[in-house]
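Input: a single structure, listed below in structure tokens.
The values are calculated or read from the model by the stated rules, or taken from the named source; none is laboratory data. Just so it is clear, the structure is predicted and the values come from calculations on it, not from any experiment. For neighbour counting, all protein chains shown are included, and Cβ atoms are generated from backbone atoms with ideal geometry for every residue, glycine included.
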Amino acid sequence: MTMKWHGKVLLGLTIITVMVCFLAGTATADEYKKFGVRVRGLGIFPDAKADSALSSLDLDVSEDLTPELDLEYWFTPYLSTELILGVSRHDITAGSDYVGSTWLLPPTLTLKYHFMPDGKISPYVGAGINYVIPFKEKLNLTNDFSIDSSLGWAAQVGVDLALGNDWYANLDLKYLNLETEMDIAGTKYDLDLNPLVVGIGVGYRF
């Protein structure tokens, strides 16, 4: 898994570097607010795939709805970076039976390009990295159960809608590459979650 992580980090950093180099000249002399804070409600939809050795169990990981806080800094009117902070809880099922659960802490850092920063409707795209930390893992089948932390890439697309007086509404869609391993009674098994994260919220720039 380590080599896979290194490859994902390299891809993410390459994308970010290319974007920075390409967009470095886009700053204008206009005044703009450089800081932003936002709250969102998130729907997290994992695309769970467990190790083929466990295929007979038909393991799955549930969706979750959770609040999120994120911080944003604008380097130029067109270019910003966003850090999201939140936690989610997911049931683990075998077939239709509940067999356990896990919490996930997924801090994600992206670099975003805003196509129309001065418009009332301002779409954007972004790419970056995520580091997912599982905790409070439980499995009814055994007390010896854990899920490894995961380093992967992230991609996003979204739109800001100006509300006036530096407030704005936000709709955001992210894909998190989350490929990890779980330890069940001393044996490692692959676990891919790769969630789609849908967010809607409100923010303020200052």
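A few points about this structure:
- Lys112 vs. criteria basic (Lys, Arg), over 15 Å from the mean Cα position of the chain (by Cα) and at pLDDT 95 or above: no
- Answer from Ser146, Ser101, Ser122 - the residue that is of a type in the set (Gly, Ala, Ser), over 25 Å from Val198 (Cβ atoms) and modelled with pLDDT of 95 or more: Ser146
- Counting the residues of region 152-206 that are modelled with pLDDT under 95 and of a type in the set (Lys, Arg) gives 0.
- Residue within region 194-203 that is touching a residue at least 60 places away in the same chain (Cβ under 8 Å), aliphatic (A, V, I, L, M) and assigned to a loop (DSSP other than H, G, I, E, B) present: no
- Among the residues making up region 158-178, those that are of a type in the set (A, V, I, L, M) and in contact with a Ser or Thr (Cβ under 7 Å, 6 or more places away or on another chain) are Val159, Leu176, Leu178.
- Residue that is nearest to Leu105 (Cα to Cα) [pool: residues in region 159-206 that are touching a Leu at 6+ places or on another chain (Cβ under 6 Å) and among the small types (Gly, Ala, Ser)]: Gly199
- Residues of region 164-174 that turn out to be surrounded by fewer than 16 Cβ atoms within 10 Å (Cβ to Cβ) and part of a strand (DSSP E or B), as a count: 5
Conditions tested, residue by residue: (1) within 30 Å of Trp167 (Cα to Cα); (2) touching a helix residue (DSSP H, G or I) at 6+ places or on another chain (Cβ under 8 Å); (3) surrounded by 19 or more Cβ atoms within 10 Å (Cβ to Cβ).
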residue: Ala53; (1), (2), (3): no, no, no
residue: Asp58; (1), (2), (3): no, no, no
residue: Leu65; (1), (2), (3): yes, no, no
residue: Glu68; (1), (2), (3): yes, no, yes
residue: Glu82; (1), (2), (3): yes, no, yes
residue: Ser88; (1), (2), (3): yes, no, yes
residue: Ile92; (1), (2), (3): no, no, yes
residue: Asp97; (1), (2), (3): no, no, no
residue: Trp103; (1), (2), (3): no, no, no
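- Whether a residue is surrounded by fewer than 19 Cβ atoms within 10 Å (Cβ to Cβ), farther than 18 Å from Ser62 by Cα, within 18 Å of the chain's Cα centre (by Cα) and among the aliphatic types (A, V, I, L, M) was assessed, and Ile200 passes this test.
- Only one of the listed residues (Pro67, Pro117) is in contact with a Pro (Cβ under 7 Å, 6 or more places away or on another chain) and either over 16 Å from Ala48 (Cα atoms) or in a loop (DSSP other than H, G, I, E, B) (or both). That residue is Pro117.
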